[in-house]
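Single-structure report; data block below.
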């Protein structure tokens, strides 16, 4: 159990370090990713006003994948968040990996968001 607490503490420290450099604005909001064991979540956030402009997750009822904790679900969430951001009039974002490694589900979500039309 101790290793799980330590791993999460390390991720949070990395996340704080990343957030010093990555800031979202109205012109270029932040695409924030959170990954849990069972699901993946993505939000497009304007940090100046503190508002979420678009969001998608694998925990939504309309999700077509059986499991939310795999690469297929991450791709689906990436496409959904890009579609919703486009509807909100957002084309460019700053990517915030949230302290997670840019690999696997996080990379799949980012690639799918790019394919969906977001530029970062």
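The values are calculated or read from the model by the stated rules, or taken from the named source; none is laboratory data. Just so it is clear, the structure is predicted and the values come from calculations on it, not from any experiment. Positions of Cβ are backbone-derived with ideal geometry, glycine not excepted, and every protein chain shown enters the neighbour counts.
Assorted remarks:
- Matching residues in the range 10-27 - criterion: being in contact (Cβ under 8 Å) with a residue 24 or more places away in the chain and touching a strand residue (DSSP E or B) at 6+ places or on another chain (Cβ under 9 Å): 15, 18, 19, 22, 23, 24, 27
- Checking each residue in the range 28-53 for being in a strand (DSSP E or B), more than 8 Å from the chain's Cα centre (by Cα) and without any contact (Cβ under 8 Å) to a residue 40 or more places away in the chain picks out 45, 46, 51, 52, 53.
Residues checked against (1) closer than 15 Å to residue 112 by Cβ; (2) surrounded by 17 or more Cβ atoms within 10 Å (Cβ to Cβ); (3) modelled with pLDDT of 95 or more:
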position	(1), (2), (3)
1	no, no, no
12	no, no, no
16	no, no, no
29	no, yes, yes
40	yes, yes, yes
48	no, no, no
62	no, no, no
68	yes, yes, no
93	yes, yes, yes
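- Residues in the range 81-120 that are in a loop (DSSP other than H, G, I, E, B) and within 18 Å of residue 18 (Cβ to Cβ): 93, 97, 98, 99, 100, 101, 102, 103, 104, 120.
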